[in-house]
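Trainee: Following this message is one structure expressed as structure tokens.
The values are calculated or read from the model by the stated rules, or taken from the named source; none is laboratory data. No experiment lies behind these values; they were computed from the predicted model shown. As a convention, Cβ positions derive from the backbone with ideal geometry for all residues, glycine included, and neighbour counts pool all protein chains shown.
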Amino acid sequence: MSKQINVALIGNPNTGKTSVFNALTGLNQKVGNYPGITVDKKEGICKLPRGLKAHVLDLPGTYSLNASSLDENVVIELLLNKNDKDFPDVAVVVTDVENLKRNLLLFTQIKDLEIPTLLVINMADRMQKKGISLDINYLETQLHTKIAVVSTRKNQGIDTLKELITNYGMLNTKPCLDISTIDTTYFQNLKKTFSNQLLYKLWLVITQDVNFGKIQRNDFDALNDFKTKSNADLKRLQQKETIKRYQFINNVLKKGLIVNLANATDLRIKLDRILTHKIWGYLIFFVILFLMFQAVYDWATYPTDLIDEAFASLANWVKNTMPAGAFTNLLSEGIIAGIGGVMVFIPPIAFLFLFISLLEESGYMSRVVFLMDNIMKRFGLSGKSVVPLISGNACAIPAVMAARNIENWKERLITILVTPFTTCSARLPVYVIIIALVIPQGTFLGMSYKALTLMGLYIIGFLTAIISAYILNKVLKIKSKTYFVIEMPSYKIPLFKNVVFTVVEKTKTFVLEAGKIILAISIILWVLASNGPGDNFNNAESIIKTENPSISEPELDDKIAAHKLQYSYIGIIGRAIEPAIRPLGYDWKIGIGLVTSFAAREVFVGTLATIYSVGSASDNEDEDTIKSKMAAEVHSNGTKVFTLASGISLLLFYAFAMQCMSTLAIVKRETNSWKWPILQLVVMSSFAYITALIAFQFLK
Amino acid sequence: MQYTLAHLKKGETAVITDVSSTEIPLKLLEMGCLPGNTVQLLQVAPFTDPIYLNINGSHVAIRKETAQLILIEKSTL
């Protein structure tokens with residue numbers, strides 16, 4: 001029998017659900033998106049005993065089935081829709097032994113949907129230290145389920161869990177709470193109308209509108225008649241339901257769970273005292289941030305340089321080894337140069353995701369949120385905006401999505417609008433190469449000018465984000481209730497496996513996604529640069545020869561290539577926009593880079609690489625890398641293209657301009673309107689143009 | 001005088017008596033903020049807001065404006 005079982009992993013945030021997922025599926029997993037929304041969909045395959053296989057879905061963390069965010073809504077949409085291809089044969093609820101009481105709330109709700117449900121009690125390795133003992137048999141009987149006591153840290157209990165999943169058919173589907181006890185008459189009426197439906201399911205559909213709305217309910221139209229109660233009444237009933245659930249859980253745990261506080265040693269209190277201290281707390285946070293930037297710039301430089309050189313020599317090798325012709329040129333000048341421009345991303349991105357995932361896994365991120373809330377509130381943001389603003393330094397796309405757990409709509413909207421100002425890693429290659437070209441050598445207080453400039457750009461990005469938030473807070477007239485609830489999880493040493501998975505997964509996705517666009521653009525660019533209309537392009541050789549009758553061979557080749565490029569299709573486009581960008585200190589080649597950058601910033605370096613490869617005929621050893629090609633670039637009057645003035649102007653332009661179609665698309669989805677992404681595009685790009693203009697005119 | 005969670009000082013413990021305001025997010029109740037449960041103020045963020053609580057074993061941080069809606073009875077011990 002090779003039937004595949006659908007398993008859904010469900011649990012509160014911070015219960016180690018993802019560790020269980022990783023332990024079950026190993027590397028057999030992939031991250032996709034739920035159709036129509038941008039919530040990450042993590043799924044994998046797990047081999048079970050007796051030749052069975054399970055398709056495991058790691059659902060977003062949720063505190064209950066009363067969804068208050070898009071992520072949580074995914075869980076309930078799936079559990080209410082029996083026809084979904086992912087509808088679980090068995091639900092595995094993951095709980096943390098230290099927070100069992102609270103975690104069981106969700107368990108009772110899932111149970112009441114009468115889906116076969118297993119309970120995983122995770123982090124069992126902490127039981128002894130916390131003085132916790134469990135009566136598993138008693139809990140199994142009372143909760144009508146089977147329990148796997150698991151420690152993903154010590155790799156214990158996973159086999160038991162697999163065994164239990166295999167035998168899911170034996171699970172009891174008896175509910176935990178009779179929902180009709182919270183309002184007998186109301187539910188009796190409901191029962192009369194929908195005799196064949198589960199009452200709790202109906203109740204979820206009714207209340208979901210209060211919490212979140214937007215649920216598919218084709219066969220539930222008649223439910224509108226049951227909206228007789230006001231929202232306040234429904235909310236009161238939900239409170240009552242919650243209280244009843246806790247009564248049930250407390251009763252079960254009274255006998256099933258014993259905590260001996262004498263054994264408990266609490267690291268949390270000691271760490272919290274320091275990490276949320278009004279001086280030490282901030283100091284530690286800034287030291288961590290500083291380390292993060294040091295890693296991204298300094299430590300990542302070595303592997304980045306290696307990759308850059310490797311691709312340059314690969315391109316050369318292809319050019320010299322393969323038969324000369326259009327295809328070889330396309331490969332070496334278009335494709336390899338373009339891909340190389342993306343690969344240099346891997347080290348800095350991996351470092352950023354490494355830091356962010358360490359901060360989240362350890363539980364430290366919540367302390368930062370706690371520390372920063374008051375300050376952020378003054379700027380119209382929430383403490384939770386810190387997470388998007390920090391992840392924005394990796395990539396604005398997950399960062400904008402991370403804004404989802406901000407409860408207040410206005411704070412969330414402002415966070416989404418200002419996050420693209422933070423220095424995402426797509427800006428990094430542009431920064432790195434321009435800084436290397438135009439910023440002089442030298443050190444100040446032990447840091448090189450170059451590293452200082454980079455840090456300065458990060459600070460400028462962050463400050464611009466904060467200041468625009470302040471302005472938006474004053475300008476936007478949106479009324480929304482402010483509330484803020486954040487769990488402070490216990491501190492944990494991050495699990496190596498989880499961190500590695502996150503880093504690999506995010507970096508891979510990023511490079512593949514960006515890579516696709518860059519590859520496509522590289523090819524288009526190469527075609528546009530290698531072809532052109534009219535005499536000037538096609539007879540370049542004879543034109544140059546008549547103009548410069550006594551010229552050496554290599555110089556001649558260079559001149560012809562440059563002339564051709566100038567009159568190619570791309571040259572024509574570039575020179576058309578040159579008047580607009582000349583005041584900023586750019587030539588038409590940079591102009592092409594700016595144009596393609598509107599697809600994605602990181603395309604800039606690849607674009608220049610393609611244009612300069614096509615534009616230089618010499619295979620000079622010194623001119624292998626993009627950097628040296630750029631350094632050698634001169635205007636028609638012989639002055640260098642990349643000077644301090646034009647460099648700073650470019651840096652500022654990239655710091656502020658909204659040049660990422662993917663971010664705009666995400667913002668559109670997250671705000672459900674074109675208004676906000678268009679506002680971002682126009683305001684950010686005009687601001688970028690003006691600051692770059694001022695900088696160049698001032699410095700030149 | 002009727003005390004609310006916002007009156008609690010660092011280290012103090014109290015019992016929650018009423019959470020009936022509909023302004024209180026359901027999520028907070030689901031995390032255990034219910035009548036009869038004990039609550040302890042663990043930490044106060046710089047500038048006195050938000051506050052960091054241990055409610056019946058759940059560790060959560062909330063803003064003062066939400067804390068003002070939750071009625072408590074201070075333990076006299």
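Trainee: When segment B:24-46 is examined, which residues are found to be under 22 Å from A:LEU65 (Cβ atoms) and in a loop (DSSP other than H, G, I, E, B)? Walk me through how you get there before you give the answer.
Mentor: Step one: filter segment B:24-46 for residues under 22 Å from A:LEU65 (Cβ atoms), giving B:24-34, B:37.
Hits for segment B:24-46 are B:ILE24, B:PRO25, B:MET31, B:GLY32, B:CYS33, B:LEU34, B:ASN37.
Trainee: Go through segment A:424-458 and report how many residues are at pLDDT 90 or above and either in contact with a Cys (Cβ under 9 Å, 6 or more places away or on another chain) or closer than 30 Å to A:ARG669 by Cα (or both).
Mentor: Counting residues in segment A:424-458 that are at pLDDT 90 or above and either in contact with a Cys (Cβ under 9 Å, 6 or more places away or on another chain) or closer than 30 Å to A:ARG669 by Cα (or both) gives 1.
Trainee: Right, here's the next one. Being in a helix (DSSP H, G or I) and within 10 Å of the chain's Cα centre (by Cα) is the filter; apply it to segment B:56-66 and report the residue that is farthest from the other protein chains (Cβ to nearest Cβ).
Mentor: At the first step, the residues of segment B:56-66 found to be in a helix (DSSP H, G or I) are B:64-66.
Going one step further and asking which of them are within 10 Å of the chain's Cα centre (by Cα), we end up with B:64, B:66.
On the way: B:LYS64: 10, B:THR66: 5 Å.
Per the stated criteria, the residue is B:LYS64.
Trainee: Hey, among A:GLU578, A:GLU553, A:GLU547, A:GLU541, which residue is surrounded by fewer than 20 Cβ atoms within 10 Å (Cβ to Cβ), within 30 Å of A:GLN697 (Cα to Cα) and not β-branched (Val, Ile, Thr)?
Mentor: A:GLU578
Trainee: If you take just the helices (runs of 4 or more DSSP H) that sit entirely in segment A:420-532, which of them hold at least 2 residues that are among the charged types (D, E, K, R) and within 23 Å of A:SER597 (Cβ to Cβ)? Before you say what the answer is, go through the steps one by one.
Mentor: On the way: elements: A:427-438, A:449-475, A:496-530.
Ranges flagged: A:496-530.
Trainee: Of (1) under 22 Å from A:ALA465 (Cα atoms); (2) in contact with a helix residue (DSSP H, G or I) (Cβ under 9 Å, 6 or more places away or on another chain), A:ASN672 satisfies all except one. Which?
Mentor: Only one criterion is unmet by A:ASN672, namely (2).
Trainee: On to the next question. Would you be able to tell me the number of residues in segment A:370-382 that are within 14 Å of chain B (Cβ to nearest Cβ) and crowded, with 23+ Cβ neighbours inside 10 Å?
Mentor: First, pick out the residues of segment A:370-382 that are within 14 Å of chain B (Cβ to nearest Cβ): A:370-379, A:381-382.
Within this subset, residues satisfying the condition of being crowded, with 23+ Cβ neighbours inside 10 Å are A:370-373, A:381-382.
Here the count works out to 6.
Trainee: Given the residues B:GLY11, B:GLY36, which is the only one that is within 13 Å of chain A (Cβ to nearest Cβ), under 24 Å from A:LYS270 (Cα atoms) and modelled with pLDDT under 90?
Mentor: Only one candidate passes the filter, namely B:GLY11.
Trainee: Another question, if that's okay. Looking only at residues in segment A:514-538 that are touching a residue at least 60 places away in the same chain (Cβ under 8 Å) and over 17 Å from A:ILE573 (Cβ atoms), which one is surrounded by the most Cβ atoms within 10 Å (Cβ to Cβ)?
Mentor: Selected residue: A:ILE518.
Trainee: Scan A:VAL318, A:VAL287 and give me the residue that is loosely packed, with under 12 Cβ neighbours inside 10 Å and among the β-branched types (Val, Ile, Thr). First the steps, then the outcome.
Mentor: Values: A:VAL318 fails: loosely packed, with under 12 Cβ neighbours inside 10 Å.
Selected residue: A:VAL287, the only one of A:VAL318, A:VAL287 that is loosely packed, with under 12 Cβ neighbours inside 10 Å and among the β-branched types (Val, Ile, Thr).
Trainee: Here is a follow-up. Working only within segment A:553-605, note down all residues that are part of a loop (DSSP other than H, G, I, E, B), closer than 17 Å to A:ILE434 by Cβ and modelled with pLDDT under 85. Spell out how you get there, then give the answer.
Mentor: First, pick out the residues of segment A:553-605 that are part of a loop (DSSP other than H, G, I, E, B): A:568, A:585-587, A:598-599, A:601-602.
Filter again for closer than 17 Å to A:ILE434 by Cβ, leaving A:585-587, A:601-602.
Of everything in segment A:553-605, those that are part of a loop (DSSP other than H, G, I, E, B), closer than 17 Å to A:ILE434 by Cβ and modelled with pLDDT under 85 turn out to be A:ARG601, A:GLU602.
Trainee: Tell me the residue from B:LEU69, B:LEU53 that is within 25 Å of A:GLY281 (Cβ to Cβ) and either in a loop (DSSP other than H, G, I, E, B) or within 12 Å of another protein chain (Cβ to nearest Cβ) (or both), please. Working first, answer last.
Mentor: Numbers: B:LEU69 fails: within 25 Å of A:GLY281 (Cβ to Cβ).
It is B:LEU53.
Trainee: Moving to a separate point now. Which condition breaks for A:ALA394 when tested against (1) more than 14 Å from chain B (Cβ to nearest Cβ); (2) not in a loop (DSSP other than H, G, I, E, B)?
Mentor: Unmet condition: (2).
Trainee: Residues being surrounded by fewer than 19 Cβ atoms within 10 Å (Cβ to Cβ) and touching a strand residue (DSSP E or B) at 6+ places or on another chain (Cβ under 9 Å): count how many of those fall in segment A:634-654. Lay out the reasoning, then the answer.
Mentor: Here is the first cut: in segment A:634-654, the ones surrounded by fewer than 19 Cβ atoms within 10 Å (Cβ to Cβ) are A:634-641, A:643-645.
With the extra rule that they be touching a strand residue (DSSP E or B) at 6+ places or on another chain (Cβ under 9 Å), the set shrinks to A:634, A:640-641.
Here the count works out to 3.
Trainee: Among the listed residues A:ILE551, A:ILE517, A:ILE544, A:ILE560, identify the single one that is in the same structural domain as A:THR610 (by TED's automatic domain parsing) and under 30 Å from A:PHE345 (Cβ atoms). Can you show your working first?
Mentor: On the way: A:ILE551 fails: under 30 Å from A:PHE345 (Cβ atoms); A:ILE544 fails: under 30 Å from A:PHE345 (Cβ atoms); A:ILE560 fails: under 30 Å from A:PHE345 (Cβ atoms).
One residue alone meets the criteria, A:ILE517.
Trainee: Follow-up question, since we're still on this one. Answer yes or no as to whether A:LEU104 is part of a helix (DSSP H, G or I), in contact (Cβ under 8 Å) with a residue 40 or more places away in the chain and either over 28 Å from A:ARG404 (Cα atoms) or not aromatic (Phe, Trp, Tyr) (or both). Steps first, please.
Mentor: Details: part of a helix (DSSP H, G or I): yes; in contact (Cβ under 8 Å) with a residue 40 or more places away in the chain: yes; either over 28 Å from A:ARG404 (Cα atoms) or not aromatic (Phe, Trp, Tyr) (or both): yes.
Answer is yes for this residue.
Trainee: I'm told A:TRP409 meets every condition in (1) within 14 Å of chain B (Cβ to nearest Cβ); (2) in contact with a Pro (Cβ under 7 Å, 6 or more places away or on another chain) except one. Can you identify the failing condition by its number?
Mentor: (2)
Trainee: Residues that are more than 14 Å from every other protein chain (Cβ to nearest Cβ) and at pLDDT below 85: which helices (runs of 4 or more DSSP H) entirely in segment A:137-246 hold 1 or more of them?
Mentor: Working: elements: A:158-166, A:184-193, A:199-211.
Of the helices (runs of 4 or more DSSP H) lying wholly inside segment A:137-246, those with at least 1 residues that are more than 14 Å from every other protein chain (Cβ to nearest Cβ) and at pLDDT below 85 span A:184-193, A:199-211.
Trainee: Give the residue, chosen from A:SER542, A:SER550, that is assigned to a loop (DSSP other than H, G, I, E, B) and farther than 30 Å from B:VAL44 by Cα. Steps first, answer last, please.
Mentor: Details: A:SER542 fails: assigned to a loop (DSSP other than H, G, I, E, B).
Just one listed residue meets the conditions, A:SER550.
Trainee: Does segment A:249-267 hold any residues that are assigned to a helix (DSSP H, G or I) and crowded, with 18+ Cβ neighbours inside 10 Å, and which are they? Write out each step before concluding.
Mentor: Here is the first cut: in segment A:249-267, the ones assigned to a helix (DSSP H, G or I) are A:249-256, A:261-263, A:267.
Within segment A:249-267, A:ILE249, A:VAL252, A:LEU253, A:GLY256 qualify.
Trainee: Can you work out which of the residues in segment A:1-40 that are modelled with pLDDT under 70 and either of a type in the set (A, V, I, L, M, F, W, C) or in a strand (DSSP E or B) (or both) is surrounded by the fewest Cβ atoms within 10 Å (Cβ to Cβ)?
Mentor: Looking at the filtered set, the residue picked out is A:MET1.
Trainee: Mind checking which residues of segment A:65-83 are assigned to a loop (DSSP other than H, G, I, E, B) and under 22 Å from A:GLU241 (Cα atoms)?
Mentor: The answer is A:LEU65, A:ASN66, A:ALA67, A:SER68, A:SER69.
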